[in-house]
Structure formats: C-alpha cells, structure tokens
1. For the chain, what ratio Rg/Rh do Cα atoms give with a Kirkwood hydrodynamic radius?
2. With +1 on each Lys and Arg Cβ and -1 on each Asp and Glu Cβ, how big is the dipole of the chain about its Cα centre, in debye rounded to the nearest 20?
3. Beyond a 18 Å Cα-Cα separation, which of these cross-linked pairs lie in this structure: Lys32/Lys171; Lys11/Lys118; Lys4/Lys202?
4. Ranked from highest to lowest mean number of other Cβ atoms within 10 Å per residue, what is the order of the peptides 40-52, 5-17, 90-102, 148-160?
5. Checking the a/c ratio against 1.5 first, then a/b against b/c, what shape does the Cα gyration tensor give for the stretch 106-215?
6. Nearest 5 is fine: what % of DSSP beta bridges in the chain come out antiparallel, could you say?
7. Any chance you could check the Cα centroid distance between the stretch 1-49 and the stretch 175-198 for me, in angstrom?
8. From the gyration tensor of the Cα coordinates in the stretch 1-67, what semi-axes in whole Å does the equivalent ellipsoid have, largest first, with each one equal to sqrt(5λ)?
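Coordinate-derived values only; no laboratory data. What you see is a predicted model, and the numbers here were worked out from it, not measured in a lab. Cβ: placed from backbone, ideal geometry, glycine included. Neighbour counts: every protein chain shown.
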Amino acid sequence: MQLKYKSYWRKSGLKGRWGNIFLERLSNHNPKNVLEIGVFCGVTARNICDLLYKINGKNFSYIGVDLFGSDQSEKKDEIKPKFLKDQKFSNPLKNIYYNYILKENLNSIDSVSKLLKKYSGNIKLIAGDTNTVLKELDLQNFDFIFLDGGHSYQTVINDLKILYESMKGKKKVILCDDYGKESYIPEVEKAINDFTKENNLKLDLIENRFAEIIT
Ligand SMILES: C[S@@+](CC[C@H](N)C(=O)[O-])C[C@H]1O[C@@H](n2cnc3c(N)ncnc32)[C@H](O)[C@@H]1O
C-alpha cells in the first residue's frame, strides 16, 4: 500500500520522513482499533484514520487521549487568550491564519474534532491526564497503541503498566516514540527499559527512534 503522511498544514510530532516511517509500521500490523496517547494537533490522528479507512472501510475505531490543556477555560476569553500567545509557528502565514484569523487552538478537542470530521462516527477524543483517564478506559480491543503523551519517567511507566494489564499475551503492539537517539528523551528510554526488563518483554528499536513492544 502506498502511504504518504500528510501534514494538513498543522504542527506534528512526526516531521519529515518520520510520518511515513510511522505509517509503514502501522500498516505492517494491519490494525483495526488504534489508541493514540498524546494527540497534539491531530495530524497523526488524521493520518491514522486515513490508513484505517483504507484497510477496513468504515469498520475501524480510533481513540485519542490528550490533556488538551487550555480548551475550556480560554474559550470565553474576549482578549487574546494565553494559548494563542503560546502557540508559535515558524511559518508566518500559519501564525496569521491560526492565531489572528481563526483564533484556533490546534491542541484542543474542537480543533482536532474538526480535522477528524470525516471520520466522526469512528473516533473518540478524550481530554485528561493518562495517569487517571487510562484506568477508566476499556483497553481490551486495541490492536495498536501509539504511546506519545507525557514524557516523564513516572507517566511512561504508569501508561505502560495500565496498557499491558489489558494487552498481556495478546500479541498486540505498543509503539513508543522518543526512545532512540534520533529523538531521544532519557526518561522515556529508562522507563521503557525498566518496564520491558521487569516484564521480560522483547523490544525492537525502529529506525533508531521508536521502541516497538509486542505484548
Ligand atoms: C509529542 S506531543 C504528541 C504528538 C502527536 N502524537 C503527533 O504525532 O503529532 C505530546 C502530547 O501529549 C500530551 N500530554 C502530555 N502529558 C500528558 C498526559 N499526562 N496525559 C495525556 N496527554 C499528555 C500533550 O498535551 C501533547 O499534546
């Protein structure tokens, strides 16, 4: 299958060749139900849905969890909300478009829902901290999880523990970002190493960036 990660004129955690590498990995596992932890502006979410639709038609699900930090409280703000001051773009046209014309916080449920509108019957977006919301989610049916949310040691370990409880022995996939030297976060690497060692799990390093765990 020909796969091309599209940027949808937004910010993404998977820039340049990384988007295509991610999609190739995802398509190798032929998934139907995907969870993304850390949605950011929804670009990877949209690309995941585009791929799931190609593979399964309308028979797929995507769930995305993110803090979606400032959506609620800033909505009614009449003056320029804080998130717009903090929402920086290297492209000046994007700055004008999103911060001055649309006044849109790209890391918000409203904005990501708009980007995923085509798939509204198949998706669910959840606002909250994974340290609490993951425990309330039914994780039994996911084939593929992209772990790219909080990057502290404690959050990565907590997320992995909760995910693994429901996925253990099912040969499902947890793909973790920011493990290898191409996008290195030491706390993430340590948490993943400690977790896989404790549970005797094999880990594959993908393109010196992602850690892939089969449960
Ligand atoms: C690196 S970005 C995700 C990038 C996205 N996967 C992509 O490919 O474009 C990390 C995201 O995780 C979210 N996040 C950070 N800590 C979190 C937590 N404890 N629970 C849920 N989301 C969290 C942030 O709000 C941010 O949007």
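1. Here the Rg-to-Rh quotient is 0.96.
2. Values: 34 positive and 28 negative charges, 171 e Å.
Charge dipole, the chain, about its Cα centre: 820 debye, nearest 20.
3. Those over the limit are Lys11/Lys118; Lys4/Lys202.
4. By packing density, highest mean first, the sequence is 40-52, 148-160, 5-17, 90-102.
5. Since a/c reaches 1.5 and a/b is larger than b/c, the shape of the stretch 106-215 is classed as prolate.
6. Values: 8 of 26 bridges.
Roughly 30 percent of the DSSP beta bridges within the chain come out antiparallel.
7. Rounded to whole Å, the Cα centres lie 20 Å apart.
8. 17, 15, 10
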